[in-house]
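The structure appears below as C-alpha cells.
The values are calculated or read from the model by the stated rules, or taken from the named source; none is laboratory data. Remember, it's a predicted structure, so these values are computed and weren't measured experimentally. Virtual Cβ from ideal backbone geometry, glycine too; neighbours counted across all protein chains shown.
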Amino acid sequence: MYSRVSAAPLLYDSDYSTSNCESNSDSESNLLREDVHEVKTIELFSVVVRVVKTLNWKVTRKVCFPIAVQKYGFDQSLMGFKMFVYVYACAEMQMEVYALLREIVCYYQKAQLNMFGLLCALLDSPGDAKGSTFLVNALIKVFASNNMLENAIDAFEQARRIGFQPGIRSCNFLLKCLAEDNERDSLVTLFKEMKNYGPYPNLYTYTIMMNFYCSGHHGQGTVDIEEATNILEEMETIGISPSIVTYSVYVLGLCKVGLIELAWDLIQELKRNGRPLNCYCYNAVIYGFADRGEPDKAMQVFNEMKNVGIAADVYSYSILIEGFCRCGDVEKGLSLFEEMGNNNIIPSLVTYSSILKGLCRNGLMEISLNWFKKIGASGYEYDQHAYNILITGFCVQGDMDSANKLLEEMLNNSLAPNPVSYKSLILGFCKIGSLEKALKFFNNMREAGFLPCPVTCNHVISGYCKEGQVKEALRLIDEMRDLGISPNMFTYSAVINRLCKERKSEKALELIPVMLKCNTFPSVVIYSTLINGFAKQANPRKALMLYTKMLKVGICPDSVTFTILINVLSTGGRVKEAYNLFKEMISKGLEPDKISYTSMIAGFCRSKDMKKAWGLFQEMVQSDIVPSVVTYTCLIDGFCKVNHMDMATMLVDEMNKNTVCPDQITYSVLIRGCQKLGYVDSARQLLNEMKNRGILPYEVVLVRQTMGLIQGRREKEKCFCKAHMVYFQLFWFRAIEKSCGDGGPRKDDGYAF
C-alpha cells in the first residue's frame, strides 16, 4: 500500500508532462478529458500522501465519500478511502477509522449496493494482519451500531474464513446489539462460535448473556432463569469469577421469577464468602418483597444492607416508601421520607408520587393537596402523573368539584389530560350518578384522539342502565365493536341486570347468543341474574331450564344461584326439591348464608313442617349466622299457623333479647295468630306495643304510601290522608275485637318467602 501511495506524486509528474506532448488533433478532445480525470485522480491521491505523512484528520474530512464518487468515480474513491482507512488503522486511530467506514456504509446503503461484498473490497493484502484486523473490528461495530446486524454477523464470518479473527471487544459489542434487538438465535450461535473458535468469551461476554436471560428480552417475554443459572455455573467451571454486576443481574432475575428467598440466600452466601456486594443486589430483593406485598420483609433486607456498611440510595428508599404506601402504611412511608432527608438523599419525583398515592388511597385528600404543593416547592415541575393521582383520589371520594378544579389547573399549566385523567373523571361522575357530565368527558376523550378502554366504556354503559337508557347502552356496545374495543362479560352484565329489573328477562336472554358470537362467555353472575329475573316474573320453569343449561355448559353455580333456586322452589311449594338443592350446595363446599337459611326456613314454615324449620334455625344459629327479622317472622308465622303461640311468643322474646326489632309484618303475623285463637286482649296489647314503638300496622303503611302519591298534587288532601289513617286504625281495633280471619305473611306483606 505504501509503495502505491508514495508513487502517486511521480505518476502525477509523468502523466502531466505526457499530456503536454500530444499533438494529434483528432484525439485532442478525448485526451483532454482523460487528462482532466487523471489530474483529479492524482489530486485525490495527493491528499492520501499528505495524510500518510501527517495523519491530519482535517485534511481527510475535506474529502466526503459521496462527493468523491461524483468527482473521481466510484472505484478510485473506494481505493482512496481504503488507503485512508488503512493509514488510520495502522496508527490505531479508532474514531477516524469508524467515521470513514460509516461514510462508506451509508453510501452503500443509499445506493443499494451489495453490502455483503464490502469487507472483501476493503481488505488489502492478507499479509497486513494488523491493519486488516483493526478494519474488521471497526466495520463490525459500524454495522452493529447502525442495526445492520445481519451484515455485522456476515463480516464476522467472512473475516474468520479468510484468516482474520475479530477482537473480543467488537464481538462483545455485536453480542450486546443482538441481545438488545432480541435476536436470540443469532446471539446464541455467535456465543457458541466464540466459545469454539474464538475470540474466547470473557467476563463481559458472560455478563451480556446473563443480562439477556435475566431481563426477559429473549424472545419469550419471561426471564429464562434456567439458562441464566447455566451461565453462572459455566463461568465458575472455566475459572471466570463473576463480577458484582453479573451477580446483581442474576439476583434481579431470581426476583423477577418470584424466587426472592433464593436471591436473598445467594446474597447471604456471597457475603459469607467475602464477595463484593452493592446496593443494586439488595435493591432487587427489596423490590421483590415490596412488590409481593411484604414491605416488612423488604425492610429487614434494607436494615441488613445498612448493617453491612452499604449505603442506601434514592431507589432503596423509593421502593420501600412505595411498598408501605401501597399496603396502606403511609405513616411508615412518611417516616422513611424523613429519614431520607436526614441522610441528605434528595427524593425523586417518584418518591413524592408514592407518598401522594398512599395519602389518596387512605382518603387523606387535604393532606394530599398539601403534599402536592410540597412537590412544587421542592423544585419539581408538576407532570400529568402527579395531577392524575390527585384527580383519581378526589374521584374515588366522589368530590368531583375538587377533581374539576385540578383539571382546570392542569390545563392552565399547559398539561393536556391523558387517558388516565379522562378515565378517572368518567368513573367519578358515573359513581355519583351524574351521567350527563360523565358523557361530556367521554366524548371529549374520544375527540382528543384517545380510545376508551373497556373499563371506561363499561362504567358509561352501567350509567346508562342505571338511568334506564338500555337502548343507549346497546348502541354504545355496537360502537365499541366498531372501534375495535371488545365488550366483555361486565359490559353485557350491566345491560342484562337492568333488563331483568325491568321484568324483560326474555329480552335479556337474547343477549347470550350475542355474547357467544363475540367470544364472551356468560359467567355464573349473568346466569344467576337471568334465573332471578325469571323467578321474579313468576316463571320458575324458565329459571330451572336456565339452571340446567348452565350446568351443561360447565358453569358451576355459586351460593347466590343456589339461594335463588331454593327460593323459587320453596315459594312454588316444591320444598323437598329446594331442600335437596340446599344440601347439594353444602356438599359442594358452599356455605349457606342468612338468605339461604331464611329461604329454606320459609319454605318449611309454609308447608307447616315446623320440625325441619326449627332444626334449620338451630343450625343457622350454631353456624354463627345471626337471624334477621325476616327469619324470625317466618318462624313466628309458621308456629302461629300450627297454633303454637308459646313458641311464637318465645321467639319474640328472643328477638328483643338479640336486639332484633319486630317490624309491621311481625306484629301483623302475631295479631292474626291471636285473632285465630281468640286472644283479643293479647292482640290489643300487641297493637298498643306497636303504637308505643311508633310502628303502624302494615295495612296502614300501605294506605299511607298510596295516599302519599296524591299528597303531592294538592296540599289540601293531606287532611284526607289523615282521615284515612284514623279509619284504618279503627278498622284494626274492630278486627281484633271481632277476632275474625286467618293470618300469615302474604306476598304483599313485603316478604318473597
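A single member of Glu591, Glu584 is charged (D, E, K, R), more than 23 Å from Met690 (Cβ to Cβ), part of a loop (DSSP other than H, G, I, E, B) and within 43 Å of the chain's Cα centre (by Cα), and it is Glu591.
Residue count for segment 408-452 satisfying the condition of being within 24 Å of the chain's Cα centre (by Cα) and acidic (Asp, Glu): 0. Evaluate the following for Glu180: is it touching a residue at least 12 places away in the same chain (Cβ under 8 Å) and acidic (Asp, Glu)? Spelling it out, Glu180 is indeed touching a residue at least 12 places away in the same chain (Cβ under 8 Å) and acidic (Asp, Glu). Would you point out the residue of segment 429-466, among those that are within 17 Å of Gly398 (Cα to Cα) and of a type in the set (Val, Ile, Thr), that is surrounded by the fewest Cβ atoms within 10 Å (Cβ to Cβ)? Per the criteria, the residue is Ile432. A count restricted to segment 502-522 and to residues that are surrounded by 16 or more Cβ atoms within 10 Å (Cβ to Cβ) and polar (S, T, N, Q) stands at 2. Scanning segment 177-187 turns up at least one residue that is polar (S, T, N, Q), at positive phi and assigned to a loop (DSSP other than H, G, I, E, B). Do the conditions hold for Glu269, that is, is it more than 17 Å from Val251 (Cα to Cα), part of a helix (DSSP H, G or I) and of a type outside the set (S, T, N, Q)? Judged against the criteria, Glu269 is not a match.
If you go through segment 467-501 and keep only what is of a type outside the set (A, V, I, L, M, F, W, C) and either closer than 18 Å to Val525 by Cα or crowded, with 23+ Cβ neighbours inside 10 Å (or both), you end up with Pro487, Asn488, Thr491, Tyr492, Ser493, Asn497, Arg498, Lys501. When restricted to residues that are closer than 18 Å to Thr351 by Cα and charged (D, E, K, R), segment 278-295 contains 1. May I ask you to verify whether Glu157 is free of Cβ contacts under 8 Å to residues at least 60 places away in the same chain and in the same structural domain as Phe74 (by TED's automatic domain parsing)? When the stated conditions are applied, Glu157 passes them.
Suppose we keep only residues that are under 24 Å from Gly239 (Cβ atoms) and of a type in the set (D, E, K, R) within segment 166-207. Which one would you say is surrounded by the fewest Cβ atoms within 10 Å (Cβ to Cβ)? Of everything passing the filter in segment 166-207, Lys192 is surrounded by the fewest Cβ atoms within 10 Å (Cβ to Cβ).
If you go through segment 643-692 and keep only what is charged (D, E, K, R) and farther than 23 Å from Met610 by Cβ, you end up with Asp681, Arg684, Glu689, Lys691. Residue-level check: of (1) in contact with a helix residue (DSSP H, G or I) (Cβ under 7 Å, 6 or more places away or on another chain); (2) surrounded by fewer than 24 Cβ atoms within 10 Å (Cβ to Cβ); (3) of a type outside the set (Asp, Glu); (4) in contact (Cβ under 8 Å) with a residue 24 or more places away in the chain, Ser318 misses just (2).
A quick yes/no check of all residues on (1) modelled with pLDDT under 90; (2) among the basic types (Lys, Arg); (3) under 21 Å from Cys640 (Cα atoms):
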{"residue": "Ile526", "(1), (2), (3)": "no, no, no"}
{"residue": "Leu546", "(1), (2), (3)": "no, no, no"}
{"residue": "Lys552", "(1), (2), (3)": "no, yes, no"}
{"residue": "Cys556", "(1), (2), (3)": "no, no, no"}
{"residue": "Thr571", "(1), (2), (3)": "yes, no, yes"}
{"residue": "Ala578", "(1), (2), (3)": "no, no, no"}
{"residue": "Lys611", "(1), (2), (3)": "no, yes, yes"}
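The selection criterion, being surrounded by 15 or more Cβ atoms within 10 Å (Cβ to Cβ) and modelled with pLDDT of 90 or more, does not hold for Asn147. Filter segment 42-68 down to residues that are modelled with pLDDT under 80 and in contact with a Gly (Cβ under 8 Å, 6 or more places away or on another chain) and give me whichever is surrounded by the most Cβ atoms within 10 Å (Cβ to Cβ). The qualifying residue surrounded by the most Cβ atoms within 10 Å (Cβ to Cβ) is Val48.
Considering segment 141-160 alone, what residues qualify as being farther than 19 Å from Met194 by Cα and part of a helix (DSSP H, G or I)?
From segment 141-160, those farther than 19 Å from Met194 by Cα are 142, 145-148; that's our starting set.
If the condition is that a residue be farther than 19 Å from Met194 by Cα and part of a helix (DSSP H, G or I), then Val142, Ser145 are the ones that fit.
Condition check ((1) aliphatic (A, V, I, L, M); (2) touching a helix residue (DSSP H, G or I) at 6+ places or on another chain (Cβ under 7 Å)) across all residues:
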site: Gly117; (1), (2): no, no
site: Ser132; (1), (2): no, no
site: Leu149; (1), (2): yes, yes
site: Asp154; (1), (2): no, yes
site: Arg161; (1), (2): no, no
site: Phe164; (1), (2): no, yes
site: Thr189; (1), (2): no, no
site: Lys192; (1), (2): no, no
site: Pro201; (1), (2): no, yes
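Quickly run through segment 172-201 and pick out the residues that are of a type in the set (A, V, I, L, M, F, W, C) and within 38 Å of the chain's Cα centre (by Cα). Reasoning before the result, please.
First, pick out the residues of segment 172-201 that are of a type in the set (A, V, I, L, M, F, W, C): 173-175, 177-179, 187-188, 190-191, 194.
Once the filter is applied, which keeps residues that are of a type in the set (A, V, I, L, M, F, W, C) and within 38 Å of the chain's Cα centre (by Cα), segment 172-201 yields Phe173, Leu174, Leu175, Cys177, Leu178, Ala179, Leu187, Val188, Leu190, Phe191.
Gly163 meets each of the listed conditions (1) surrounded by 15 or more Cβ atoms within 10 Å (Cβ to Cβ); (2) on the phi > 0 side of the Ramachandran plot apart from (1).
So that you can scan it fast, the table gives a plain yes or no per residue for (1) surrounded by 16 or more Cβ atoms within 10 Å (Cβ to Cβ); (2) in contact with a Cys (Cβ under 6 Å, 6 or more places away or on another chain); (3) under 29 Å from Ile564 (Cβ atoms):
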site	(1), (2), (3)
Tyr597	yes, no, yes
Trp614	yes, no, yes
Ile625	yes, no, yes
Met645	yes, no, no
Cys661	no, no, yes
Ser682	yes, yes, no
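Okay, residues lined up against (1) over 16 Å from Trp57 (Cβ atoms); (2) part of a helix (DSSP H, G or I); (3) among the aliphatic types (A, V, I, L, M):
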{"residue": "Ser77", "(1), (2), (3)": "yes, yes, no"}
{"residue": "Gly80", "(1), (2), (3)": "no, yes, no"}
{"residue": "Glu92", "(1), (2), (3)": "no, no, no"}
{"residue": "Tyr98", "(1), (2), (3)": "no, yes, no"}
{"residue": "Tyr107", "(1), (2), (3)": "yes, yes, no"}
{"residue": "Gln112", "(1), (2), (3)": "yes, no, no"}
{"residue": "Leu119", "(1), (2), (3)": "yes, yes, yes"}
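Residue by residue, here is whether (1) in contact with a Cys (Cβ under 7 Å, 6 or more places away or on another chain); (2) of a type in the set (S, T, N, Q); (3) modelled with pLDDT of 95 or more; (4) under 20 Å from Ser486 (Cβ atoms) holds:
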residue: Val396; (1), (2), (3), (4): no, no, no, no
residue: Asn404; (1), (2), (3), (4): no, yes, no, no
residue: Glu409; (1), (2), (3), (4): no, no, no, no
residue: Asn418; (1), (2), (3), (4): no, yes, no, no
residue: Leu451; (1), (2), (3), (4): no, no, no, yes
residue: Gly468; (1), (2), (3), (4): no, no, no, no
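Looking across segment 668-699 at every residue that is part of a helix (DSSP H, G or I), of a type in the set (Ser, Thr, Tyr) and modelled with pLDDT under 85, the one that is farthest from Asp646 (Cα to Cα) is identified as Tyr698.
Scanning segment 569-576 for any residue that is under 42 Å from the mean Cα position of the chain (by Cα) and of a type outside the set (Gly, Ala, Ser) turns up nothing.
Val136 - would you say it is surrounded by 20 or more Cβ atoms within 10 Å (Cβ to Cβ), over 15 Å from Leu190 (Cα atoms) and touching a Lys or Arg at 6+ places or on another chain (Cβ under 7 Å)? Show your work before the answer.
Working: surrounded by 20 or more Cβ atoms within 10 Å (Cβ to Cβ): yes; over 15 Å from Leu190 (Cα atoms): yes; touching a Lys or Arg at 6+ places or on another chain (Cβ under 7 Å): no.
Judged against the criteria, Val136 is not a match.
For every residue, the table says whether it meets (1) modelled with pLDDT of 95 or more; (2) outside any helix (DSSP H, G or I).
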site: Gly309; (1), (2): no, yes
site: Tyr315; (1), (2): yes, no
site: Ile321; (1), (2): yes, no
site: Gly341; (1), (2): no, no
site: Ser354; (1), (2): no, no
site: Lys357; (1), (2): no, no
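All conditions in (1) at pLDDT 95 or above; (2) assigned to a loop (DSSP other than H, G, I, E, B) hold for Leu277, with the sole exception of (1).
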